[in-house]
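These notes are about the structure you will find just below.
The values are calculated or read from the model by the stated rules, or taken from the named source; none is laboratory data. Just so it is clear, the structure is predicted and the values come from calculations on it, not from any experiment. FYI the Cβ positions are ideal-geometry reconstructions off the backbone, even for glycines, and counts take in every protein chain you see.
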Amino acid sequence: MSKVADSIRRGLNEALACAEGSADANAFRVHVPERMDVKAIRTKLEMTQEEFAGRFGFSVNTLRHWEQGSRQPEGPTRAYLLVIDRAPKAVQKALQAA
């Protein structure tokens, strides 16, 4: 069998294992971007700086620094922003329950 077919089969088996919940969590890595466009995330959610900061637990001043490019969010915060970008309703629901 070709290398391409083997690669596709491995990928499908990994996807199936993830879907079934039997995948080895240690075998996967999460990619968190080095730089985040915080303003784009906020704009996509149609929120003001005050609304976004209040809803997700940031200070407005910190948010402004990120949007102006004078500072960048650090590792865990970048991961949090990535989740906000991809699943904002889930984050809001989780924060409401807290």
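The selection criterion, being among the hydroxyl-bearing types (Ser, Thr, Tyr), surrounded by fewer than 16 Cβ atoms within 10 Å (Cβ to Cβ) and out of contact with any Leu (no Cβ under 7 Å at 6 or more places or on another chain), holds for residue 62. Regarding residue 93, is this residue more than 21 Å from residue 33 (Cβ to Cβ), free of Cβ contacts under 8 Å to residues at least 60 places away in the same chain and surrounded by fewer than 14 Cβ atoms within 10 Å (Cβ to Cβ)? In short, yes. Can you name the number of the only condition in (1) surrounded by 12 or more Cβ atoms within 10 Å (Cβ to Cβ); (2) of a type outside the set (Lys, Arg); (3) out of contact with any helix residue (DSSP H, G or I) (no Cβ under 8 Å at 6 or more places or on another chain) that residue 26 fails? If we test residue 26 against (1) surrounded by 12 or more Cβ atoms within 10 Å (Cβ to Cβ); (2) of a type outside the set (Lys, Arg); (3) out of contact with any helix residue (DSSP H, G or I) (no Cβ under 8 Å at 6 or more places or on another chain), just (1) comes out false.
Note on segment 1-10: residues that are surrounded by 10 or more Cβ atoms within 10 Å (Cβ to Cβ) and modelled with pLDDT under 75 amount to 0. Candidates 46, 51, 67: the one that is free of Cβ contacts under 8 Å to residues at least 60 places away in the same chain, crowded, with 16+ Cβ neighbours inside 10 Å and not assigned by TED's automatic domain parsing to the domain that holds residue 14 is 67.
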